[in-house]
Amino acid sequence: MWKWKKEFFYFSKGDRIAIILLLNLIVVSGGIFIFMNKFTFTDAVYRDQNEEVQKDFVQFENNLEVIEPLKEESADNNESPATPHRSKKENKQKLQLGQTIDINLASASTLTRIPGIGDVFAERIIEYRNSLGGFASLEQLYEIKGITVNKFSKVLPYLVLQKKHKLIRINKVSADQLISHPYFEEKQIEALAELRKGVKINDISDLSNNESFTSRDIDRLAPYLSFD
């Protein structure tokens with residue numbers, strides 16, 4: 001019996017080598033098969049996840065609120081500083097870079113759409129603009145209480161000057177009209193009254209030669225004066 005088993009299970013050296021090689025081949029083939037299936041599965045999962053992310057991003061883009069280029073909002077120069085009630089949605093619609101408003105036309109509510117400008121500062125701008133008769137330059141914002149170099153640099157990209165400011169007809173304007181203007185002091189109004197007695201003021205030099213007007217006064221007044 002033992003002899004039969006021994007003969008049945010006896011392998012020559014060449015047979016053993018062949019069996020070992022075959023087993024190694026089976027193991028290697030199985031490993032490659034498992035590895036390829038795992039790689040293929042991972043790649044498929046990655047593709048599915050990538051497609052899902054792309055779909056979510058497209059949906060996110062579609063849900064974004066698009067702000068149209070801002071149309072100029074006409075504002076009466078006599079607009080009260082008080083700002084009307086506005087909805088929360090309107091308050092949140094801040095301007096995007098590239099969108100601008102004319103500071104001489106915008107209402108207080110429109111000004112609050114500029115990043116960095118709230119209700120209080122918008123009202124100050126409107127009030128000062130009305131007293132000036134309109135801004136002659138954007139740098140005049142520095143004359144408003146609360147403006148700093150940092151604040152000015154933040155709001156400047158959203159502002160333009162297109163509508164012209166009102167001119168002061170210096171030979172015809174009344175003293176009462178000049179009292180409310182921020183660039184005229186009482187002594188200067190009195191000096192004008194003296195200068196106009198029987199004589200027409202022809203140009204800015206007539207004022208610059210008067211001791212009541214400093215060089216700074218002349219620089220600020222020059223854009224606003226008409227001598228017709």
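Filtering the stretch 92-107 down to residues that are under 17 Å from Gln140 (Cα atoms) and aliphatic (A, V, I, L, M), which residue is surrounded by the most Cβ atoms within 10 Å (Cβ to Cβ)? Lay out the reasoning, then the answer.
Going residue by residue through the stretch 92-107, those that are under 17 Å from Gln140 (Cα atoms) are 101-106.
Adding the requirement that they be aliphatic (A, V, I, L, M) leaves 101, 103, 105-106.
On the way: Ile101: 21, Ile103: 24, Leu105: 18, Ala106: 26.
My answer is Ala106.
Going by the structure shown, is Glu186 farther than 30 Å from Gly98 by Cβ, within 42 Å of the chain's Cα centre (by Cα) and either among the aliphatic types (A, V, I, L, M) or not assigned by TED's automatic domain parsing to the domain that holds Leu105 (or both)? Answer is yes for this residue.
Looking at the stretch 130-165, which of the residues that are within 22 Å of Ile218 (Cβ to Cβ), exposed (fewer than 15 other Cβ atoms within 10 Å of the Cβ) and touching a residue at least 24 places away in the same chain (Cβ under 8 Å) is farthest from the chain's Cα centre (by Cα)?
First, pick out the residues of the stretch 130-165 that are within 22 Å of Ile218 (Cβ to Cβ): 131-144, 161, 164-165.
Imposing the further condition that a residue be exposed (fewer than 15 other Cβ atoms within 10 Å of the Cβ) reduces the set to 131, 137-139, 142-143, 164.
Adding the requirement that they be touching a residue at least 24 places away in the same chain (Cβ under 8 Å) leaves 131, 137-138, 143, 164.
Values: Ser131: 28, Ser137: 21, Leu138: 17, Glu143: 23, Lys164: 25 Å.
Taking the candidates together, the pick is Ser131.
Go through the stretch 111-226 and tell me which helices (runs of 4 or more DSSP H), entirely inside it, have 3 or more residues that are touching a Lys or Arg at 6+ places or on another chain (Cβ under 9 Å). In the stretch 111-226, 119-132 are the helices (runs of 4 or more DSSP H) which contain 3 or more residues that are touching a Lys or Arg at 6+ places or on another chain (Cβ under 9 Å). Taking the stretch 205-217 as the range and being within 23 Å of Arg129 (Cβ to Cβ) and buried (at least 16 other Cβ atoms within 10 Å of the Cβ) as the test, only Asp217 passes. Give the stretch 177-195 a look and list any residue that's more than 13 Å from Leu225 (Cβ to Cβ) and surrounded by 15 or more Cβ atoms within 10 Å (Cβ to Cβ), or say none. Listed by number, the residues that qualify are Glu185, Ile189, Ala191.
Residues in the stretch 106-142 that are in contact with a Leu (Cβ under 7 Å, 6 or more places away or on another chain) and among the β-branched types (Val, Ile, Thr) were compared, and the one that is nearest to Ile168 (Cα to Cα) is Ile125. Given (1) modelled with pLDDT of 95 or more; (2) buried (at least 18 other Cβ atoms within 10 Å of the Cβ), identify the lone condition not met by Ser226. Result: Ser226 fails condition (2) only.
Might you check whether a residue that is touching a helix residue (DSSP H, G or I) at 6+ places or on another chain (Cβ under 7 Å), polar (S, T, N, Q) and touching a residue at least 40 places away in the same chain (Cβ under 8 Å) occurs anywhere in the stretch 172-181? Within the stretch 172-181 (the criterion being touching a helix residue (DSSP H, G or I) at 6+ places or on another chain (Cβ under 7 Å), polar (S, T, N, Q) and touching a residue at least 40 places away in the same chain (Cβ under 8 Å)), the answer is yes, since at least one residue qualifies. Identify, by number, the condition in (1) of a type in the set (Gly, Ala, Ser); (2) assigned by TED's automatic domain parsing to the domain that holds Gln99; (3) farther than 18 Å from Phe135 by Cβ that Ala175 doesn't meet. So Ala175 meets the others, but not (2). Please enumerate the residues belonging to the stretch 155-179 that are closer than 29 Å to Ala122 by Cα, out of contact with any Gly (no Cβ under 8 Å at 6 or more places or on another chain) and among the charged types (D, E, K, R). The answer is Arg169, Asp176.
The values are calculated or read from the model by the stated rules, or taken from the named source; none is laboratory data. What you see is a predicted model; the values in this text were computed from it and never measured. Cβ atoms come from the backbone with ideal geometry, glycine included; neighbour counts cover every protein chain shown.
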